[in-house]
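Working notes, beginning with the structure itself.
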Amino acid sequence: MVALKKLYAGAILLLVVFATGCIGTSTNSNQTSSPSSTTLSSTETNQQWTPSSWIAYDKDITLDGQYYIGDIEITHTSKVTMQLDIISGAESISYLAIIPASELEKWKGDSTSLTYEFISHHVKSGTYTATLSPGTYYVLVGIADPIYMTLAEGTEVIDAGKYIGIPISLSNILYAENVKATIDIREKLDINLDFMRASEFQIYQEGGTPRVVASYEKAESGTYDITNGPPSYLERLDPDIYYLVLDNEYSVFTDKTIDYKVTGDVVYPAEVHLTIKVEETG
């Protein structure tokens, strides 16, 4: 009877040990599967990101000065596509560029001193692209490139003791440079040549002393600098109405026949349309 009780007690003990071992195995299994579950969740999160694209800018612009567009926020590496359409006032634009937002104030102070993320010079109508890292950016648009133009042209007969003022309207420009006057005196003689603003020409007509942009006494047939010419050596002409004056007042008897032509490189306020598209790539 005692042996039977010992056998019964041993069986119970074996059952307890076996049950304890099963519980331990179950607990360890749950602990090792937890990191696997976390990794799967992270993978699912990464797979949920989808590259997006949007139109950051789409407007007409009047380029009456250097222009900037911003701020363009980029959170993933992106392709930026800029479609430029020149509507009027230019054949090309001096530059199209992109800079980080941190460089904007420096650009305002001196647009030539920057290291650009992207820049293209003398841009015509077309499509321009750049790949940018995450950050905030500004798109810069320069003024129009100069257009070589004939500003005035014709033939005048200036009577002895007289002068003539030929108006040249440059009121609608940003500036003109490299302005020159070419004259051909058919009588192979000379004439006084002056160039001045309309307000100074009025003083000239009234017998006063005008401030002239350029002046040449007894000029013969040839080409004469208006900008970069004496006495002002002015580099550029601002918007205004000007007069080319051909003065034959010092001649007592001789009329003179003058073929004239005034040319220059002119910058107009160009009209353009710019569209900027951002496409995330990574």
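The values are calculated or read from the model by the stated rules, or taken from the named source; none is laboratory data. Note that the structure is predicted; figures quoted are calculated from it, not measured. No Cβ is skipped: glycine too gets one built from the backbone with ideal geometry, and neighbour counts run over all protein chains shown. Just the protein is used for accessible areas: all its heavy atoms, side chains included, with ligands, DNA and RNA removed. Shrake-Rupley method; radii C 1.70, N 1.55, O 1.52, S 1.80 Å.
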Descending packing, highest mean Cβ count within 10 Å first, for 216-223, 145-152 is 145-152, 216-223
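Just in region 94-179: which GluC sites (Glu not before Pro) are loop by DSSP and have at most 15 other Cβ atoms within 10 Å? Intermediate values should be presented prior to the final figure.
On the way: sites: E103, E105, E117, E153, E156, E177; in loops: E117.
Sites meeting the loop and neighbour criteria: none at all.
Of the peptides 257-264, 57-64, how do they stack up when ordered by the mean number of other Cβ atoms within 10 Å, highest first?
Numbers: 257-264: 18.8, 57-64: 13.9.
Ranking the peptides 257-264, 57-64 by packing returns 257-264, 57-64.
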Given a 1.4 angstrom probe, I'd like the percentage of the accessible area of region 147-267 that is carbon and sulfur, rounded to a whole number. 45 percent
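Can you pull the percent of Cα pairs in region 147-267 with separation above 26 Å? Don't jump to the answer; show the numbers that get you there.
Values: 1024 of 7260 pairs.
Percentage above 26 Å: 14.
Which value in Å is the Kirkwood Rh of region 95-215 over different Cα pairs? Could the numbers behind the result be given before it?
Details: mean 1/r = 0.0517 Å⁻¹.
Hydrodynamic radius (Kirkwood, Cα only) of region 95-215 equals 19.3 Å.
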Express the accessible area of region 147-267 per residue in Å², computed with a 1.4 Å probe while the remaining protein chains stay in the model. 51 Å²
Region 86-101-region 47-68 distance, computed between alpha-carbon centres (Å): 14 Å
